[in-house]
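This report refers to the structure that appears directly beneath it.
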Amino acid sequence: MAIELVKEKFIEQMIKYGYFAEQFPNCFSTEKLLNNLKEVLPLIDISKNAVKNSRKNSTAPTTLSMYKNDISRRVLSLPNIEAFLRLVKYMEKKWDRILQFAVSKNSLSPISFLNSYNGSEDALINSESLREKYRIKSDFIKGIKQSIRCSLGYKYRLKVDITNCYNSMYTHSIAWAICGKQEAKRFMRTKSPSDLAADYDLADSLDCLSRFQKNNETNGFIVGPFTSRITSEIILARIDKMLSEKGFVFKRYVDDYKFYFRSESQAVENLPIIEKILNEFNLSLNTAKTEITKYPYEIISNIKDKFEDAQEKDGVFGVLNTASQLHLAGEKGAYKYALKFLRGKALPSREELQIVIPTLINIMLLDPKYGKYVTEYLRKNNEGINSNTLSAVFNNELQKSLENELQQETLLFIQLMRDLNLEITGENLLGVLNSDNDFAIIIALDLWKNRNGKIIRTKQGAQDINQTIKKLLDTLKGEKVAGSRWLLLYELKANKILKKRMLLPEIEMNDFFKKLCELGVTFYSSVISES
């Protein structure tokens, strides 16, 4: 049943589903923060003075380099938790007014969209998180049907998307979207007309608190937390309105647009007009993804039937092989759907696993975002897999990821070895500790302290690892929890993932982080606490 995101549950839902992006391993979560929210929230000040001071006292996110395609990568960010809570608490206070500016009839990805599943009290912010929990199919088909209704009478579809959407957005353009560009600039100079004051104050506060998460930078929203979806949707909803006023017929999913025209020449002629409107907000079209298609263009694939037929004929490998064929044919999400399809199916035989395992690993290497599904599948089939063989494969891939400085892949493989209780080489552990990947470093420190017997090393290797950890701690001297290494600093202090003889550097914390420590709030779940 579709319901609207309610103000009363906004903060809890944002913390639970809107903080850690789905690309992060499940060992990172906000569960302990949620359990202590009543004690923590009073420390978050959203008064006017606090919002203004955020311009001076900014924070930096912890980042992770992510796979985008074979030639480029994107940066995923985890904002400082205090900065995130400040923006979330302000959004909760102003939620009704935010919705007035962030709702668009052209959007297939509304920020206010929730579903309740199986009579549960849990609800879904418009993301994969809860759908994954209940294994409910996505809204893809629903979106296709809406697009089909929209396209009635139009023979051609023009598909475009925005280049580096979040990273290209100018934070001051929140005010342009809410007040109008010229009106916002005029009000900033003259403070008139006075009836714009409330709207401008809303926009300016969202601007300040968004920048508070990113070194006070005005160029771009951080990619990762759902707060960025909300602020960006305010801007995109305004653009939708301007496009509609020009008479365009279209639908949009986040930053992907589908325009409908009666002739190909109309699509070509209107492309500059579309781009001009985007340019008013300092945005531009990704020309590499611009595509004009003649009807039929909105097609619902019978992908499930194909997988069921493949499983009946050739088992698990047949499903994965069919996914490969669909992927080559341009079917987006074929691998993801296949991995989700297999979760409730019969397990493969030991003989079939010898073919399935290499296939799964290659799928992960193709795009690490599939790692969470592969991890789940491997954990479920752990007893039928030779752990030594799997350990050797993962150690090799971890080594390659470290050599090529691939952060997401490094995190993926050390997390796999953590979750499947596999051995890791001392050389790879050293490589992780010497990397600039704080998420992987946290896991490595945990393994070294609490799963020491699973690390392949010599006596000299143990000395090297301890020495490397001491050097790491030396590099953290002078770092603050407002800086980009805040998560590692905080987990070192609160989670006690160092061996007792290791001396933790002095970590300067404000009252907020001291309270989190006092309450035992951590964002990483140790292998000890999970065992």
Report every pair of residues separated by at least 6 positions or lying on different chains whose Cβ atoms are under 8 Å apart, first residue within the stretch 49-61 and at negative phi, second of a type in the set (F, W, Y). V51/Y90; S54/F212; R55/F212; N57/F212; S58/F212; T59/F212; T59/W486; A60/W486
Please go through the stretch 266-287 and pick out each residue that is more than 14 Å from D161 (Cα to Cα), in a loop (DSSP other than H, G, I, E, B) and among the hydrophobic types (A, V, I, L, M, F, W, C). F281
Kindly indicate whether E280 is out of contact with any helix residue (DSSP H, G or I) (no Cβ under 8 Å at 6 or more places or on another chain) and surrounded by fewer than 19 Cβ atoms within 10 Å (Cβ to Cβ). no
Requiring at least 3 residues that are modelled with pLDDT of 55 or more and out of contact with any Lys or Arg (no Cβ under 7 Å at 6 or more places or on another chain), the strands (runs of 3 or more DSSP E) wholly within the stretch 62-150 are 62-69, 72-78
Identify, please: which residue in the stretch 373-424 is of a type in the set (D, E) and over 20 Å from D438 (Cβ atoms) and is, among those, farthest from the chain's Cα centre (by Cα)? E383
Residues of the stretch 258-277 being closer than 15 Å to C150 by Cα and either open to solvent by 60 Å² or more (accessible area, probe 1.4 Å) or not hydrophobic (A, V, I, L, M, F, W, C) (or both), in sequence order, are K258, Y260, R262
Among the helices (runs of 4 or more DSSP H) lying completely within the stretch 429-531, list those that include at least 3 residues that are more than 27 Å from S77 (Cβ to Cβ), free of Cβ contacts under 8 Å to residues at least 12 places away in the same chain and open to solvent by 30 Å² or more (accessible area, probe 1.4 Å). 459-475
Subset of the stretch 22-33 [modelled with pLDDT of 95 or more and open to solvent by 30 Å² or more (accessible area, probe 1.4 Å)]: S29, E31, K32
Residue hits (the stretch 426-467; modelled with pLDDT of 95 or more and of a type in the set (V, I, T)) are V432, I441, I442, I443
Criterion (among the hydrophobic types (A, V, I, L, M, F, W, C) and farther than 26 Å from Q407 by Cα) met by exactly one of L78, L43: L43
Of (1) touching a residue at least 12 places away in the same chain (Cβ under 8 Å); (2) surrounded by fewer than 23 Cβ atoms within 10 Å (Cβ to Cβ); (3) more than 24 Å from V316 (Cα to Cα), K400 satisfies all except one. Which? (1)
Output the number of the condition that L402 fails; it satisfies all remaining conditions of (1) in a helix (DSSP H, G or I); (2) modelled with pLDDT under 95. (2)
Can you find even one residue in the stretch 490-500 that is among the small types (G, A, S) and touching a Gly at 6+ places or on another chain (Cβ under 8 Å)? yes
Restricting to the stretch 407-422, count the residues that are in a loop (DSSP other than H, G, I, E, B) and at pLDDT 95 or above. 0
Out of (1) modelled with pLDDT under 85; (2) under 24 Å from the mean Cα position of the chain (by Cα), what's the single condition that is false for I363? (1)
Could you grab me the full set of residues in the stretch 283-312 that are at pLDDT below 90, surrounded by 14 or more Cβ atoms within 10 Å (Cβ to Cβ) and farther than 30 Å from A237 by Cα? I303
Could you go through the stretch 236-257 and let me know if any residue there is open to solvent by less than 50 Å² (accessible area, probe 1.4 Å), in contact with a Lys or Arg (Cβ under 7 Å, 6 or more places away or on another chain) and of a type in the set (K, R). yes
Count of the stretch 34-54 residues which are open to solvent by 60 Å² or more (accessible area, probe 1.4 Å) and either under 25 Å from the mean Cα position of the chain (by Cα) or hydrophobic (A, V, I, L, M, F, W, C) (or both): 2
Selection status of E423, open to solvent by 60 Å² or more (accessible area, probe 1.4 Å) and in contact with a strand residue (DSSP E or B) (Cβ under 6 Å, 6 or more places away or on another chain): yes
Could you give me the residue pairs with C-beta distances under 8 Å whose first residue belongs to the stretch 87-103 and is over 18 Å from P225 (Cα atoms), whose second residue is open to solvent by 50 Å² or more (accessible area, probe 1.4 Å) and part of a helix (DSSP H, G or I) wherever it lies, and which are 6+ apart or on separate chains? D96/K7; F101/R238
Looking at (1) out of contact with any strand residue (DSSP E or B) (no Cβ under 9 Å at 6 or more places or on another chain); (2) farther than 22 Å from I144 by Cα, which one does K214 not meet, given that it meets all the others? (1)
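The values are calculated or read from the model by the stated rules, or taken from the named source; none is laboratory data. Bear in mind that the values here come from a model prediction, so they are computed numbers and not experimental data. Glycine gets a Cβ as well: all are built from the backbone with ideal geometry, and neighbour counts include every protein chain shown. In case anyone asks, the SASA skips ligands and DNA or RNA and just uses the protein heavy atoms, side chains included. Shrake-Rupley method; radii C 1.70, N 1.55, O 1.52, S 1.80 Å.
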